[in-house]
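The values are calculated or read from the model by the stated rules, or taken from the named source; none is laboratory data. As the structure is a prediction and not an experimental result, all values here were calculated from the model. Backbone-built Cβ (ideal geometry, glycine too); neighbour counts: all protein chains shown.
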Amino acid sequence: MKNTMQGLVNYGAEAHSVELREVPIPEIGDDDVLLSVQAVGVCGSDLHQYLGLQSWKVNYPVVLGHEFSGVIAKAGANVRKFAEGDRVVSETAAVIDPSSAYSRRGLYNLDPKRLGFGYGVNGAMARFVKVPERCLHPIPAHLSFETAALTEPCCVAYNATCGNAHLNPGDTVAVIGPGPIGLLCALMARIAGAGHVVVIGIPADAHRLDVAKQLGADTVLGAKGENVVEWTRAFGDGFGFDLVIDAAGVSATLKLALEIVRPAGQISKVGWGPQPLNFSLDPLVAKAVTLQGSFSHNWPIWEKVIALLASGRLDLTHVLNRIGPLDDWHGLFEEMHSGRIVKGVIKPT
């Protein structure tokens, strides 16, 4: 077998420092598998690195891609629960410290030494990727590789909506930012029994706000420049939303969240943004609001999300819009960046 392959490499911090390169096929250790990648999702963080806008450390050069599924091509000597030919999906925590206090609690996603695929170590936008056995989950035969590859962003949304936030049936929920994670948060809120789901964007988000309606949002705001604060004051009892999910990340959206959340309500912040706040947090105090960050996911969340996908209750029909080969990566990236599609998936093989 040829010992090199094509991989989509992010080689520097400057914008558009991404290209297809010939890279070595990974060598696996005793506790790893060599995964033949069947599908890999394009994530907003891939776009951030492509545009040079990321706020996290990247180990350049690195193969992009952390939302992936595939077939085990080779198993290390110590691998016991999986075998060659198994259909699997992989978590993102490629490197963790198993002895850290957080790993021991099952919160390895919060381990300070954690390195993820696609920024810390080579990811899956290539024919093969090296994966530790502990990251793997089996997927049923009827679940497509393309859908399974989106388990990871669904887990991000699950944790932001139902894990770190405390969503009760009947709660009113506002999601700010109709990107892929925001739309999946709205879908999770609907599955969890939210009483009224509002998705908020800007006029440039008109297409994605239409998708939000298809996913079950009761109301969408922003496509026509509506005043969200005034709308909220006229909604229900006028006090605001039980839960606001900030899936956009910029400072203005957290300020908006504070304006539309009800007293004693919750804000779940899942969107990244390096900008300084430049506004007072006094409303957080005055309303006694819980502001909760949400990052990544862990084993039990993956198992729950895979079960939801396999059952069909978590339906990604309106989210997964285009599938293309590895050499079409640029088109997929640009279509997601422009908002013409919600989610693109690459098939490296």
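Give the residue that is surrounded by the fewest Cβ atoms within 10 Å (Cβ to Cβ), with candidates limited to residues of segment 305-349 that are assigned to a helix (DSSP H, G or I) and acidic (Asp, Glu).
Looking at the filtered set, the residue picked out is 327.
State all residues of segment 101-143 that are among the small types (Gly, Ala, Ser) and over 22 Å from residue 29 (Cα atoms); if no residue qualifies, say none.
Of everything in segment 101-143, those that are among the small types (Gly, Ala, Ser) and over 22 Å from residue 29 (Cα atoms) turn out to be 101, 106, 141.
Tell me whether segment 324-337 contains one or more residues that are modelled with pLDDT under 95 and of a type outside the set (A, V, I, L, M, F, W, C).
yes
Taking interchain pairs and intrachain pairs at least six residues apart, which have beta carbon atoms under 9 angstrom, with the first residue in segment 248-273 and closer than 18 Å to residue 194 by Cα and the second assigned to a helix (DSSP H, G or I) and among the charged types (D, E, K, R)?
260/233
Could you list, in sequence order, the residues of segment 232-246 that are under 21 Å from residue 185 (Cα atoms) and in contact with a strand residue (DSSP E or B) (Cβ under 6 Å, 6 or more places away or on another chain)?
Matches in segment 232-246: 240, 241, 242, 243, 244, 245, 246.
So which of 314, 309, 277 is under 27 Å from residue 166 (Cα atoms) and modelled with pLDDT under 95?
The match here is 277.
Are any residues in segment 247-259 of a type outside the set (A, V, I, L, M), in a loop (DSSP other than H, G, I, E, B) and touching a strand residue (DSSP E or B) at 6+ places or on another chain (Cβ under 6 Å), and if so, which ones?
Scanning segment 247-259 gives no hits.
Please state which one of 322, 313 is more than 18 Å from the chain's Cα centre (by Cα), under 22 Å from residue 152 (Cα atoms) and of a type in the set (Lys, Arg).
Criteria check complete, one pass: 313.
Being in a loop (DSSP other than H, G, I, E, B) and under 19 Å from residue 236 (Cα atoms) is the filter here, so list the residues in segment 260-288 that pass it.
Within segment 260-288, 287 is the sole residue that qualifies.
Take the residues of segment 91-115 that are buried (at least 20 other Cβ atoms within 10 Å of the Cβ) and part of a strand (DSSP E or B): which is nearest to the chain's Cα centre (by Cα)?
93
Of everything in segment 224-271, what is of a type in the set (Phe, Trp, Tyr) and either modelled with pLDDT under 95 or under 27 Å from the mean Cα position of the chain (by Cα) (or both)? Give them in sequence order.
Matches in segment 224-271: 241 only.
State whether one or more residues within segment 56-70 are surrounded by fewer than 22 Cβ atoms within 10 Å (Cβ to Cβ) and modelled with pLDDT under 95.
Yes; the residues of segment 56-70 include at least one that is surrounded by fewer than 22 Cβ atoms within 10 Å (Cβ to Cβ) and modelled with pLDDT under 95.
Conditions (1) closer than 19 Å to residue 303 by Cα; (2) not polar (S, T, N, Q), marked per residue:
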| residue | (1), (2) |
| --- | --- |
| 44 | no, yes |
| 49 | no, no |
| 55 | no, no |
| 58 | no, yes |
| 66 | yes, yes |
| 95 | no, yes |
| 99 | no, no |
| 105 | yes, yes |
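Which one of the conditions (1) surrounded by fewer than 19 Cβ atoms within 10 Å (Cβ to Cβ); (2) over 18 Å from residue 175 (Cα atoms) does residue 302 fail to meet, given that it meets all the rest?
(1)
Look through 193, 225 and report the one residue that is surrounded by fewer than 17 Cβ atoms within 10 Å (Cβ to Cβ), within 16 Å of residue 168 (Cβ to Cβ) and touching a residue at least 12 places away in the same chain (Cβ under 8 Å).
Matching residue, one of 193, 225: 193.
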